[in-house]
Amino acid sequence: SSSFAGDRSGTADIVLKVFFALAPTLLIIGYEQITIGELGKERQKIQSEVDDLNKKQQSLKTEIVAVKKFKEEEDKLSRQIETIKKLSNERLLNIRALAAIQNLMPEKAWLTKFSLNNQKVEMTGLAYNDSYVFEFIKGLETSIFFTDVKMGKINNKVEAEATYKEFT
């Protein structure tokens, strides 16, 4: 019976030695299992965040395309507005120029031809005498609506037994 007890004590020593020898390994394996589980959960959480960010990125891409289209449309409308403003200013300037001609025209002079092309005015008219022609030309030269006023020719023109001064 003492040999059985001795065997038991020897077996217990071996079991204890094996246990102490394997304990660090078992602890490391247990720690790794716990850590791997936590890392798996963390990985799933991060993957979920990545998926959410990818969804947001896709929705932002469509918004970016819409914003680019809006910007292009805005630029197009701005160019059209500038063109309209330019045309409006030119028309207004033309109207003011016509009003100035009407105001500058002496009572005894009148236009027989008038053209306005690319902000260049050409006129032909008749007057009772040279002084009315010179008065009109002087008025054009001092007007803010006309620059580089050049007088053409003054000729005598007979119409209905009256002599007029034709100017260009």
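The values are calculated or read from the model by the stated rules, or taken from the named source; none is laboratory data. Here the structure is a predicted model, which means the values were calculated and not measured. For neighbour counting, all protein chains shown are included, and Cβ atoms are generated from backbone atoms with ideal geometry for every residue, glycine included. Ligands, DNA and RNA are stripped out before the accessible areas are found, and what is left, the full protein with its side chains, is counted by its heavy atoms. Shrake-Rupley method; radii C 1.70, N 1.55, O 1.52, S 1.80 Å.
Conditions (1) β-branched (Val, Ile, Thr); (2) farther than 13 Å from ILE154 by Cβ, marked per residue:
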position: ILE95; (1), (2): yes, yes
position: GLN102; (1), (2): no, yes
position: MET105; (1), (2): no, yes
position: ASN129; (1), (2): no, no
position: LYS138; (1), (2): no, yes
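On the given criteria, is LYS113 assigned to a helix (DSSP H, G or I) and not small (Gly, Ala, Ser)? Taking the combined requirement at face value, the residue does not satisfy it. Against the conditions (1) modelled with pLDDT under 90; (2) surrounded by 11 or more Cβ atoms within 10 Å (Cβ to Cβ); (3) of a type in the set (A, V, I, L, M, F, W, C), VAL133 satisfies every one except (1). Given the options ALA97, ALA12, ALA109, name the one that is closer than 30 Å to GLU141 by Cα and modelled with pLDDT under 90. On inspection, the qualifying residue turns out to be ALA97. Of all the numbered requirements in (1) over 17 Å from LYS165 (Cα atoms); (2) among the aliphatic types (A, V, I, L, M); (3) open to solvent by 50 Å² or more (accessible area, probe 1.4 Å), MET151 misses one, and that requirement is (1).
Please verify whether LEU93 is open to solvent by 80 Å² or more (accessible area, probe 1.4 Å), in a helix (DSSP H, G or I) and either closer than 26 Å to PHE146 by Cβ or out of contact with any Asp or Glu (no Cβ under 8 Å at 6 or more places or on another chain) (or both), treating the condition exactly as stated. No: the conditions fail for LEU93.
For segment 121-130, which residues satisfy the criterion of being β-branched (Val, Ile, Thr) and surrounded by 16 or more Cβ atoms within 10 Å (Cβ to Cβ)?
If the condition is that a residue be β-branched (Val, Ile, Thr) and surrounded by 16 or more Cβ atoms within 10 Å (Cβ to Cβ), then VAL121 is the only one that fits.
Against the definition (under 30 Å from GLN119 (Cα atoms), open to solvent by less than 90 Å² (accessible area, probe 1.4 Å) and at pLDDT below 90), how does SER59 come out, yes or no? Answer is no for this residue.
Condition check ((1) within 30 Å of GLN119 (Cβ to Cβ); (2) aliphatic (A, V, I, L, M); (3) exposed (fewer than 10 other Cβ atoms within 10 Å of the Cβ)) across all residues:
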position: ASP13; (1), (2), (3): no, no, no
position: PRO24; (1), (2), (3): no, no, yes
position: LEU27; (1), (2), (3): no, yes, no
position: TYR31; (1), (2), (3): no, no, no
position: GLN47; (1), (2), (3): no, no, no
position: ASP52; (1), (2), (3): no, no, no
position: ALA66; (1), (2), (3): no, yes, no
position: ILE84; (1), (2), (3): yes, yes, no
